[in-house]
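Where a number appears in this text, it was derived from the coordinates with a stated rule and is not lab data. Here the structure is a predicted model, which means the values were calculated and not measured. So basically every Cβ, Gly included, is an ideal-geometry build from the backbone, and we count neighbours across all protein chains shown.
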Amino acid sequence: MTKIITLLLSFITFFSINAQKSFNISGKLSGFEENASVKIIKNNITLDSCILKDGNFLLKGTLENAPSSVVLFINNGEKYKYSELFIDNESITINAKIDDFKWDVKTKDSKYDDLRYTYFQDIKDLSNQREKFETEIFTKRDNGKWNDSLQVAYWNGKEPFGKIILIDKKIEEVNKNFITENINSYYGLYLLEANKSVLSKEFITTTFKKLKPELRKTAFANSINSYLNNPDLKIGDQFYDFMAFDQLGRKVKFSNYFNKKYILLDFSTPYCGFCIQSIPILNKLIKENSDQLEIVTFYVDKDPKGFQKLNQKHPDWLTIWDKAGRLGGIYSKYKVDGTPVFYLFSPDGKLVEKFDGFDEELGASVSKKIKNPRQD
């Protein structure tokens, strides 16, 4: 009998600890078309979707590294609306109007999202002003009225600062103040990690020191630690070595791929449009330089299905991942802030060039570097 009671208590304890391992988001959205598509997305990966019926919706799924930032995305005919949420694996309700997106969407019964809403209220006027300036720029460019004086008026990085630069500086101050006041919350820590590439390392270091011990064990904190403890690679610096898994599930070492060839380390995911656009360029590049170049694609997300998709899209070169996702140490160590990012290393492991983002000239640029290594 004692053994049965012990087992029963163990089961109850286990169940209570693991009672909520998935999220449940329901509610009513007004102002949208009937049968509009509603999705919950993380890092461009759709976790669940449904069709809006009489304004009602229900989304379910599981979040890893929760609480986490996700996007509630609604396709409304030819237009779309979205809002970021910061939620745990929890049951929450959203009743919102179409005009509430993206800044004024509130959740009910979320342990973490109220702070996200407060932050959005702090930032929305500045963000809307920045968006207005961007629209002005696109309009002027489309009408052929863009010139050097307008470039200075909007983008000048020195005093007197351009309109957008001034907005960015104000947004940075809001971010710093909010993070400082809320660093010992999950959302404050999330913002510090998400903005680490635009905040000064001095601010990050000082703020990070104030973090409570329980938050130092989170994936957000590990990512920040990796970012701070590994300086930006400069031309001529040796690569950062790391362990990962290859297509066959074998644990591999990045340094083992250096075999008298240049290595192009490609940070990518099949959920990124620009990454997919880069694949034909990389295909052509590897075929034309197979005797001098090896491409190693590092998959940045945690979803194993995405890893398989990426393997299928380019079977002619290597794909590896660490299963840790964007909060893993490798992503932060290499200062990746979005995909794609490419690092070109010489056969002896020295950084030749870093390429941020998609560029149709990537293949030509890499070919030039490996064929004429002594040229600047």
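Summary of values
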read-out: Relative contact order %, the chain, counting alpha carbon pairs below 8 Å whose residues are six or more apart; value: 11 percent
read-out: Burial ordering of 126, 192, 285, fewest other beta-carbon atoms within 10 Å first; value: 126, 285, 192
read-out: Gyration tensor (Cα) of segment 316-376, equivalent ellipsoid semi-axes in angstrom; value: 24, 13, 12
read-out: Computed over segment 123-234, the ratio Rg/Rh where both radii use C-alpha atoms and Rh is Kirkwood; value: 1.10
read-out: Rg(Cα) / (2.2 N^0.38 Å) computed for segment 13-110, rounded to two decimals; value: 1.07
read-out: Whole-Hz couplings from phi, Karplus 6.51/-1.76/1.60, listed for segment 73-79; x for Gly and Pro; value: 10, 10, 7, 10, x, 8, 10
read-out: Largest-first principal axis extents of the Cα set of the chain (Å); value: 71, 70, 46
read-out: By average C-beta atoms within 10 angstrom, highest first, the peptides 26-33, 154-161; value: 26-33, 154-161
read-out: Cβ-isolated cysteines (cut-off 4.7 Å), the chain; value: 50
read-out: Residue-wise HN-Hα coupling along segment 214-230, computed from phi with Karplus coefficients 6.51, -1.76, 1.60 (Hz; x: Gly, Pro); value: 5, 7, 6, 8, 7, 5, 4, 5, 4, 5, 5, 4, 4, 4, 6, 8, 10
read-out: Full-stretch length increase - residue 248, residue 216 - with 0.36 nm per residue and alpha-carbon distance subtracted; value: 8.2 nm
read-out: Radius ratio Rg over Rh of segment 243-371, counting only Cα atoms, Kirkwood formula for Rh; value: 0.92
